[in-house]
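Notes for the one structure printed next.
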Amino acid sequence: EGVGPQEYTGIKLEVAEWAPAAKEVLADKAGGRTVYFVAATLRPETMYGQTNCFVGTALKYGLFAINDKEAYICTYRAARNMAYQGIITPRGHIEQLAEIEGAKLVGTRIKAAFAINPEVYILPMDNVLATKGTGVVTSVPSDSPDDYQTLMDLRKKPEFYKIDPSWAAIDPVPVISTPTYGDLTAPAIVKQLKIQSQKDTKQLAEAKEIAYKEGFYNGTMLVGEFKGESVQEAKIKVRESMINSGLAFAYAE
Ligand code: A2H
């Protein structure tokens, strides 16, 4: 990681329908507030291409009151950071309404803010770190090698991952075009590096580096408000527009 703080964008993904196990634990706990999963991303310009959203099955998540109207699902660590960044009112105050294991969140349907697919499912990912972001990783398989490979693993072994295959059925959506890899940069790089599974962490780190540089320096937006512009130009404008809409916010750590 770099020396300075990472400037993430928090993406608010409203719950559309709880998985039964999540409903059992969380129903009635939000006190009438609207509940959102909050994903932390460094690539807000790719959010048009969300196809699902990942949690770590062994991680603990909390339901946190953000204000009178909203509650967020994220790790306790992220809620504490949000409290000190003034995202929670009153500032510095953490009110945890419930706690739940990631495994029970899988199968919940959410509204994918800004995405071409309006609703997507919460699915499991092996390598979600408890120590980074919110513990919620929204999945953009067109541009993230980790997201693409995890989606392929889930499709190959739905029983092993305890998911309904229909939850992983949405295909990658072209969002950014790059001269070297075309409209689906991450799948092309995963194929080129012969990556087989999300357990190939070394090759995935290399793929992530290539995809990130290629998208940022050479990418052109294929969709959205800034279609036709370079990613370098569009990135900050997409982020600002998302934040202005109320479904995204600045989050640093
Ligand atoms: B990124 P950095 Cl399209 N555990 O968002 C594992 N990964 C996490 C995480 C956690 N707790 N929290 C966030 N992330 C992911 C989009 C994206 C991302 C694209 C391409 C690359 C990419 C869609 N997923 O990340 O270590 C999130 O995925 C590669 C840079 O702080 C977040 O941005 O650099 C990124 O990792 C932050 O990782």
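The values are calculated or read from the model by the stated rules, or taken from the named source; none is laboratory data. Since this is a predicted model, take the numbers as computed values, not measurements. Please note: Cβ atoms are built from the backbone with ideal geometry, for glycine as well, and neighbour counts cover all protein chains shown.
Specify which of the listed residues (Ile122, Ile110) is touching a Ser or Thr at 6+ places or on another chain (Cβ under 7 Å) and outside any loop (DSSP other than H, G, I, E, B). Before the answer, list the steps.
On the way: Ile110 fails: touching a Ser or Thr at 6+ places or on another chain (Cβ under 7 Å).
The conditions single out Ile122.
Go through (1) surrounded by fewer than 20 Cβ atoms within 10 Å (Cβ to Cβ); (2) within 12 Å of the ligand (Cβ to nearest atom) one by one and return the number of the condition Asp183 breaks.
Only one criterion is unmet by Asp183, namely (2).
Per-residue answers, yes or no, for (1) among the aliphatic types (A, V, I, L, M); (2) crowded, with 16+ Cβ neighbours inside 10 Å; (3) in a helix (DSSP H, G or I); (4) within 10 Å of the ligand (Cβ to nearest atom):
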| residue | (1), (2), (3), (4) |
| --- | --- |
| Val137 | yes, yes, no, yes |
| Ser142 | no, yes, no, yes |
| Tyr148 | no, yes, yes, yes |
| Glu159 | no, no, no, no |
| Lys162 | no, no, no, no |
| Pro174 | no, yes, no, no |
| Ser177 | no, yes, no, no |
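Looking at region 203-225, can you tell me whether even one residue there is among the basic types (Lys, Arg) and away from the ligand (no atom under 13 Å from the Cβ)?
The answer is no; no qualifying residue exists.
Quick test for you: out of Ala22, Ala40, Ala16, pick the one residue that is within 12 Å of the ligand (Cβ to nearest atom), modelled with pLDDT of 95 or more and either among the aliphatic types (A, V, I, L, M) or crowded, with 16+ Cβ neighbours inside 10 Å (or both).
Ala40
Of all residues in region 92-107, how many are part of a strand (DSSP E or B) and more than 21 Å from the chain's Cα centre (by Cα)?
4
From the list Ile100, Ile94, Ile110, which residue is under 17 Å from Leu13 (Cα atoms), at pLDDT 95 or above, more than 10 Å from the ligand (Cβ to nearest atom) and of a type in the set (A, V, I, L, M)?
Checking each option against the conditions leaves just Ile110.
Determine if region 58-69 includes at least one residue that is of a type in the set (S, T, N, Q) and touching a residue at least 60 places away in the same chain (Cβ under 8 Å).
Taking every residue of region 58-69 in turn, none turns out to be of a type in the set (S, T, N, Q) and touching a residue at least 60 places away in the same chain (Cβ under 8 Å).
Considering only region 50-91, how many residues are outside any strand (DSSP E or B), in contact with a strand residue (DSSP E or B) (Cβ under 8 Å, 6 or more places away or on another chain) and within 15 Å of the ligand (Cβ to nearest atom)?
Of the residues in region 50-91, 12 are outside any strand (DSSP E or B), in contact with a strand residue (DSSP E or B) (Cβ under 8 Å, 6 or more places away or on another chain) and within 15 Å of the ligand (Cβ to nearest atom).
So Leu105 ticks every box in (1) surrounded by fewer than 24 Cβ atoms within 10 Å (Cβ to Cβ); (2) away from the ligand (no atom under 12 Å from the Cβ) but one. Which box is left unticked?
Result: Leu105 fails condition (1) only.
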